[in-house]
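Remarks on the structure that follows.
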Number of protein chains: 2
Amino acid sequence: MAEVPVPECLLKPLYVPRKLLMGPGPSNASPRILAAGALPLLGHLHPEFIAIMDEVKKGIQYAFQTKNEVTLAVSGTGHAAMETAACNLIEPKDVVLSVCTGIWGERFADMAERQGAKVVKITKEQGQVFSNQELEQALRRIQPTVMFVTHGESSSATCQPVNDLGILCHKYGCILIVDCVASLGAVPMYMDKWGIDVLYTGAQKVLSVSPGASPISFSERAWKKTQSRTKRVTSFYFDMTGLANYWGCDGQPRKYHHTGPISSIYGLREGLATLAEEGLEQSWKRHAQCADMLYRGIEEMNLRFLVENKEFRLPTVTAVLVPAGVQWKNVSNYVMEKYRVELAGGLGLSAGKVWRIGLMGYNATPDNIRLLLRALREGITTEQTRIPSRL
Amino acid sequence: MAEVPVPECLLKPLYVPRKLLMGPGPSNASPRILAAGALPLLGHLHPEFIAIMDEVKKGIQYAFQTKNEVTLAVSGTGHAAMETAACNLIEPKDVVLSVCTGIWGERFADMAERQGAKVVKITKEQGQVFSNQELEQALRRIQPTVMFVTHGESSSATCQPVNDLGILCHKYGCILIVDCVASLGAVPMYMDKWGIDVLYTGAQKVLSVSPGASPISFSERAWKKTQSRTKRVTSFYFDMTGLANYWGCDGQPRKYHHTGPISSIYGLREGLATLAEEGLEQSWKRHAQCADMLYRGIEEMNLRFLVENKEFRLPTVTAVLVPAGVQWKNVSNYVMEKYRVELAGGLGLSAGKVWRIGLMGYNATPDNIRLLLRALREGITTEQTRIPSRL
């Protein structure tokens, strides 16, 4: 006899309201991608599923602009890909340089420390990015074996240039790991040309897919470092040697490694197909144009940006400074209650100081921007009227 | 300009055929659960999503028959839950006893070794299980701090009794981890009553949900061991301290930990709701009755079972010995090609020697069993006619 009774709440229907997700992610999935989530399951080693995995692999190679054989999707959300990078590339003997332009560098440093490595962080003031010259100085001074950089920093809304950064790292005998979770598909990214050794992203940003399977790719240099470890990878689930075999990247017959997230892989396939149909150049252009339209609207409202230099702004996430006398949360609540639109707050150092507006994939359209600007303007006006004058 | 061109294969539609998955999992998801996969996304910290997480937590507590506060779903497939158990409960100073009745004990031993612990395995002959007496002897001899047992061993099709096993472990100052991936919902399980410290399962077996979020629960004893570690957990993604906060299990305000797999959580909620509606006792009874019906059909075909003692058979996975002169793969191929029914082969030691027939959740119905038996009979006859007589 069951001693813990049936929970009442599970006898009611599942309640999922429709919202327009204009925060830093997840963004809304397109109807095509949502439909893939309702397709029947296949076995994780069935030939039809392996064909889909192969398509996903090719789609990631295109999105990353890489020919790397070791290219696959990790069975987890963006953090899982970050951890895959950390636990495969780092062991206690490594020196890790984590470049911090927001919380993601901090997060990677945390993961690297858990692998027992010596970790050095360099940190930029909120809303700023590093020059390649500054990074080269750090490489010379710290002599890391692994450097981590966030391309699209969703917490500070900055885009750290990584052009040719891998080539620079290699000059100093260092592996370069780049997080492009928030930037992929919106900002040019050339993994091979720029010499990036490990690149990963998430599903729920520009790809507009429900999170659950996260693209990652290893260069030959990264793969060699993984294969010449002195200690085993601390994680079985994220061990790239096993994953590369399951994904058919090592030329050996595929063996059962773990059960893949079937429906998440369907969704990722459709997200990558949507990007392939639009084409990378067009997707980059659309995100730049949408960001410009948003910037103009924000400027017309006399609001200011956290990232002053437009060149360093991340088009997918715009951080708008909350004006004096306004409670950010009240405005976000207003916008959600009246328009069912998500307008996010800050994260990390930017918490309480900014709104973060997301323009990603399926959601990056002029109509959505117009709606968001109208809602934001109304929200601020309502809030300014509500709060007692400070004269 | 993109240098890696658009992959042709992504410009074609996604192809997912409909199959009846009668292997050891994934099983088919019900229409209700598939529909949940197409629901719009929510933010991973939106109040409506947190309400769904709370429902999932209550559903797991019911399915596990536990009142443990630290009960949640890990953001990955079944292996991710296994790794969460390993990396939180084990550090280098631990001695781990892994009880092997098939490949899952081996897998856990692998994970435990990666955490730097001393690992001892005890192994039963294929198709057999341990008595509590034998396990007590091992506890006395090895003096482990952590013992791992697989309840439903999908590779050998055995069900290892775990009744009161936790109470036994506690007598020897040992923590008990139980894998019920293949058994939950089909065989009685009383986490609290039996003193199990860590219990986890997958989504794609009896719950009939697409894999991607995996239930796990920690007893107070397991939680205390986690909180008194001398070394940090090697994984950030699987660190239960952060996860327990995100899932509202520690009484503190929820903080962002990682992005949860939104749609997988919807699916899991619907799978747990389906189990709650049927009721555990009825689900246990249905699986037992279906297994009995399958056993009768197999016996009528004069086929034999890998697990001779019916008492130790796992109702969700039945291993049928391949008769002499028959190639298992030819029969499986026949059944798939003609009926679109999955009839799996063996795994680990049982590879090549058995078919494994799954009866799980939505798929555990008399109609499916009749279809499978008919297809298997036909497949074997066809195969026996095809192969030259060995007279």
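Taking a threshold of 30 Å on the Cα-Cα distance, which of the pairs A:LYS225/B:LYS19; A:LYS19/B:LYS19; A:LYS58/A:LYS124; A:LYS231/B:LYS193; B:LYS12/B:LYS338; A:LYS224/A:LYS285 fall above it?
Details: A:LYS225/B:LYS19 41 Å; A:LYS19/B:LYS19 34 Å; A:LYS58/A:LYS124 36 Å; A:LYS231/B:LYS193 40 Å; B:LYS12/B:LYS338 26 Å; A:LYS224/A:LYS285 36 Å.
The pairs that break the limit, which is 30 Å between Cα atoms, are A:LYS225/B:LYS19; A:LYS19/B:LYS19; A:LYS58/A:LYS124; A:LYS231/B:LYS193; A:LYS224/A:LYS285.
Once you've got the GNM for chain B with C-alpha springs shorter than 10 Å, pick whichever of B:LYS225, B:LYS338, B:LYS12 has the biggest mean-square fluctuation.
B:LYS12
Amide H neighbours of B:ALA182 under 5 Å, at least 5 residues apart or on other chains, H built in the peptide plane: list them.
B:GLY152
List the distances, in nm and shortest first, from the label point of A:ARG140 to the matching label points in every other copy, placing each point 7 Å from Cα along the Cα-to-Cβ direction.
Output for A:ARG140: 7.0 nm, nearest copy listed first.
Within 14 Å, Cβ to Cβ, of A:LYS193, how many net charges do the neighbouring residues add up to if Lys/Arg are +1 and Asp/Glu are -1? List each step's numbers first, then the result.
Details: positive: A:LYS67; negative: A:ASP164, A:ASP192, A:ASP197, B:GLU3.
That sum, taken over residues with Cβ under 14 Å, equals -3.
With a 4.7 Å Cβ cut-off, tell me which Cys residues in chain A come up empty for a partner.
A:CYS9, A:CYS87, A:CYS100, A:CYS159, A:CYS180, A:CYS249, A:CYS290
Give the calculated FRET efficiency between B:GLU125 and A:GLN327 to the nearest 0.05, with a Förster radius of 45 Å applied to their Cβ-Cβ distance. List each step's numbers first, then the result.
Working: r = 68 Å, r/R0 = 1.51.
My answer for the efficiency is 0.10.
May I ask for the net charge around A:ALA157, where only other residues with Cβ less than 9 Å from the Cβ of A:ALA157 are counted and Lys, Arg are +1 while Asp, Glu are -1?
+1
I want the antiparallel fraction of DSSP beta bridges within chain B, as a percent rounded to 5. Intermediate results must be reported in sequence, preceding the final value.
Numbers: 18 of 38 bridges.
Of those bridges, close to 45 percent are antiparallel.
Give the separation of the Cα centroids, the range A:189-237 to the range A:6-77, in Å.
Comparing the Cα centres of the range A:189-237 and the range A:6-77, I get a distance of 18 Å.
Give me the percent of the accessible area of the protein assembly as shown that comes from carbon and sulfur atoms, probe 1.4 Å, all protein chains in place.
Looking at the protein assembly as shown in its full context, I get 52 percent from C and S.
Under a 1.4 Å probe, what is the accessible area of the range B:243-320 per residue, stated in Å²? List each step's numbers first, then the result.
Values: 2920 Å² over 78 residues.
Value returned for the range B:243-320: 37 Å² of accessible area per residue.
Calculate the length of the line joining the C-alpha centroid of the range A:141-158 to that of the range B:90-156, in whole Å.
41
Taking H as built 1.01 Å from N, whose amide H comes closer than 5 Å to the amide H of A:ILE196, not counting residues under 5 places away?
When sequence neighbours closer than 5 places are left aside, the close amide H contacts are A:GLY166.
No solvent, one uniform scatterer per C-alpha: report log10 I(q)/I(0) for the range A:31-276 via the Debye equation at q = 0.08, 0.12, 0.14 1/Å, two decimals.
Values, matching the q order: -0.28, -0.63, -0.86.
What total accessible surface area, summed over both chains, is buried at the interface between chains B and A, computed with a 1.4 Å probe and given in Å² to the nearest 100?
Using a 1.4 Å probe on protein heavy atoms, the buried area is about 7900 Å².
Rounding to the nearest 20 debye, state how big the charge dipole of chain B is about its Cα centre with +1 on each Lys and Arg Cβ and -1 on each Asp and Glu Cβ.
Details: 43 positive and 37 negative charges, 92 e Å.
Using Cβ point charges on Lys, Arg, Asp and Glu, chain B gives about 440 debye.
Could you pull the accessible area for A:GLU134 with a 1.4 Å probe, rounded to 10 Å²?
Answer for A:GLU134: close to 70 Å² accessible.
Where is the GNM fluctuation largest for chain A (alpha-carbon springs, 10 angstrom cutoff): A:GLU91, A:GLU342, A:GLU136?
Per the Cα network of chain A with a 10 Å cutoff, A:GLU136 tops the list.
May I ask you to evaluate 6.51 cos²θ - 1.76 cosθ + 1.60, the Karplus curve with θ = phi - 60°, for each residue of the range B:331-339 and list the ³J(HN,Hα) values in order in whole Hz, giving x for glycine and proline?
Residue by residue, the range B:331-339 yields 5, 4, 4, 4, 5, 5, 5, 7, 10 Hz.
Under unit Cβ charges (Lys, Arg +1; Asp, Glu -1), what dipole magnitude, rounded to 20 debye, does the range B:307-391 have relative to its Cα centre? Please report the intermediate quantities before stating the final value.
Details: 12 positive and 7 negative charges, 31 e Å.
My answer is approximately 140 debye.
How far apart are the B:ARG386 label points across copies, placing each 7 Å from Cα toward Cβ, in nm, shortest first?
7.1
Please give, to one decimal in nm, the separation of the simple spin-label points placed at A:LYS12 and B:GLU48, each 7 Å out from Cα toward the Cβ.
The two pseudo-label positions are separated by 1.4 nm.
In peptide A:224-234, what is the residue-averaged number of other protein chain Cβ atoms found within 10 Å of each Cβ?
Details: counts 0, 0, 0, 0, 0, 0, 0, 2, 4, 2, 10.
Mean partner shielding for this stretch: 2.
Would you kindly work out, in nm and rounded to one decimal, the distances from the label point of B:ARG374 to those of the same position in each other copy, ordered shortest first, with label points 7 Å along Cα-to-Cβ?
Spacings between copies for this position, smallest first, are 5.9 nm.
Quick one: net charge around B:LYS231, please, counting Lys, Arg +1 and Asp, Glu -1 for every other residue with C-beta under 13 Å from its C-beta. List each step's numbers first, then the result.
Working: positive: A:ARG114, B:LYS93, B:LYS225, B:ARG229, B:ARG232; negative: A:GLU113, B:GLU91, B:ASP94, B:ASP239.
Combined, the nearby Lys, Arg, Asp and Glu give +1.
Which residue, chosen from A:LEU89, A:PRO144, A:PRO261, occupies the Cα position most advanced towards the positive end of the dipole of chain A, where the dipole is computed from +1 (Lys, Arg) and -1 (Asp, Glu) charges on Cβ about the Cα centre?
Towards the positive end, the residue furthest out is A:PRO144.
Output wanted: per-residue J couplings in Hz (rounded whole) for the range A:11-25, from phi through Karplus 6.51 cos²θ - 1.76 cosθ + 1.60, θ = phi - 60°, x for Gly and Pro.
Taking θ as phi minus 60°, the curve returns 8, 9, x, 5, 10, 10, x, 8, 9, 9, 8, 9, x, x, x Hz for the range A:11-25.
Write down, largest first, the equivalent ellipsoid semi-axes of the range A:1-155 in whole Å, where each equals the square root of 5 times an eigenvalue of the alpha-carbon gyration tensor. Write down the numbers at each step before the final one.
Numbers: eigenvalues 274, 100, 75 Å².
Square roots of five times the eigenvalues give 37, 22, 19 Å.
If you average 1/r over all unlike Cα pairs in the protein assembly as shown and invert the result, what Kirkwood radius do you get in angstrom?
Working: mean 1/r = 0.0370 Å⁻¹.
Hydrodynamic radius (Kirkwood, Cα pairs) of the protein assembly as shown is 27.0 Å.
Return the sequence-ordered ³J(HN,Hα) values of the range A:307-324 in whole Hz as given by the Karplus equation 6.51 cos²θ - 1.76 cosθ + 1.60 applied to θ = phi - 60°, using x for Gly and Pro.
Along the range A:307-324, the couplings run 9, 6, 6, 4, 4, 9, 6, 8, x, 7, 9, 10, 9, 10, 5, 6, x, 4 Hz.
Using a 1.4 Å probe and counting only protein heavy atoms, arrange A:TYR200, B:TYR172 so the residue with the most accessible area comes first. Don't jump to the answer; show the numbers that get you there.
Details: A:TYR200 0, B:TYR172 65 Å².
Greatest to least solvent exposure: B:TYR172, A:TYR200.
Using a Gaussian network model on chain A with a 10 Å cutoff between Cα atoms, which of A:SER131, A:SER264, A:SER183 fluctuates the most?
The residue with the greatest mean-square fluctuation here is A:SER131.
The values are calculated or read from the model by the stated rules, or taken from the named source; none is laboratory data. All values derive from a computational prediction rather than experimental measurement. As a convention, Cβ positions derive from the backbone with ideal geometry for all residues, glycine included, and neighbour counts pool all protein chains shown. Remember, those area values only see protein heavy atoms, side chains included, never the ligands or the DNA or RNA. Shrake-Rupley method; radii C 1.70, N 1.55, O 1.52, S 1.80 Å.
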